[in-house]
1. So if we plug the beta-carbon distance of residue 139 and residue 47 into 1/(1 + (r/R0)^6) with R0 = 35 Å, what FRET efficiency do we get, rounded to 0.05?
2. Residue 190 to residue 15: FRET efficiency via 1/(1 + (r/R0)^6), r the Cβ-Cβ distance, R0 30 Å, to the nearest 0.05?
3. Which order do the peptides 4-16, 98-110 take when ranked by the mean count of other beta-carbon atoms within 10 Å per residue, highest first?
4. For the range 90-191, what is the convex hull volume of its Cα atoms per residue in Å³?
5. Once you put a point 7 Å from the Cα of residue 161 and another 7 Å from the Cα of residue 32, both along the Cβ direction, what distance in nm separates them?
6. Rounded to whole Hz and in sequence order, give me ³J(HN,Hα) for the range 19-32 from the Karplus expression 6.51 cos²θ - 1.76 cosθ + 1.60, θ = phi - 60°, writing x for Gly and Pro.
7. On average, how much area does the Cα convex hull of the range 103-147 cover when viewed from any direction, in nm²?
8. Taking Cα centroids, how far is the range 119-176 from the range 12-55 in Å?
Amino acid sequence: MLETALKIFSIVLQVLGLVATAVGLFNTFKDTSAPGDRFLARVMATELGVVRQLWGGVKRLSRRLFGRPRATVVQGLGTAFEVSFAGSARGIVQFGPLPDPVADPDAFKVAVEDRLNRVHKLAQDVQHDLEQETKAREKENQKIGSDLQARLTALDEEAKRKTIRGLHEQVLGLFSVALGLAVQSILDLTF
């Protein structure tokens, strides 16, 4: 009677262990995979890939052993067309006409200085605006970088928690299987 009860207990432990391990594997996959991924489809795709690699190796080995010629690959000729477009645009920004330097040299000097001052002021304004924009972009980039880093850290922690949950279930299942096998082995040795 005790022997039968221990055998049933051993079988129950092993079955529960296998179920817990399978649930742990499924939960780990579900928590870490992309939405819509199917567990068995991914597993079967991996298995089929391994089978294809093994079959290719067997074919290569048999060709080497039996001396059969390798498959010949024929590639057709193709034509490549290249289309490109090159264009340019020009614009001219002009001031009004300058006074005649011979007739009125002072007016010419004042007009040239005025134009140089306006160009200099425009260059300074553009440089100032570029510096301000550069600072604003750097600040925005730092903010985006810190936000991204915070999100990545949160996602990493969440993934670790989910993976550890599945691993706990798997370890519990394997422990139950091992305990069931130990009870069965003790039974086999004692009875």
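1. Details: r = 52 Å, r/R0 = 1.47.
Result of the calculation: an efficiency of 0.10.
2. 0.85
3. 4-16, 98-110
4. Looking at the range 90-191, the number lands at 154 Å³ per residue.
5. For the pair residue 161/residue 32, the computed spacing is 1.7 nm.
6. Coupling constants for the range 19-32: 5, 5, 5, 5, 5, x, 4, 5, 5, 5, 5, 4, 6, 10 Hz.
7. Average of the hull's projected areas for the range 103-147 equals 2.6 nm².
8. 32
Throughout, read-outs are computed from the coordinates displayed, never taken from laboratory work. Since this is a predicted model, take the numbers as computed values, not measurements. Methodologically, a virtual Cβ is constructed for each residue, glycine included, from the backbone with ideal geometry; neighbour enumeration extends over all protein chains shown.
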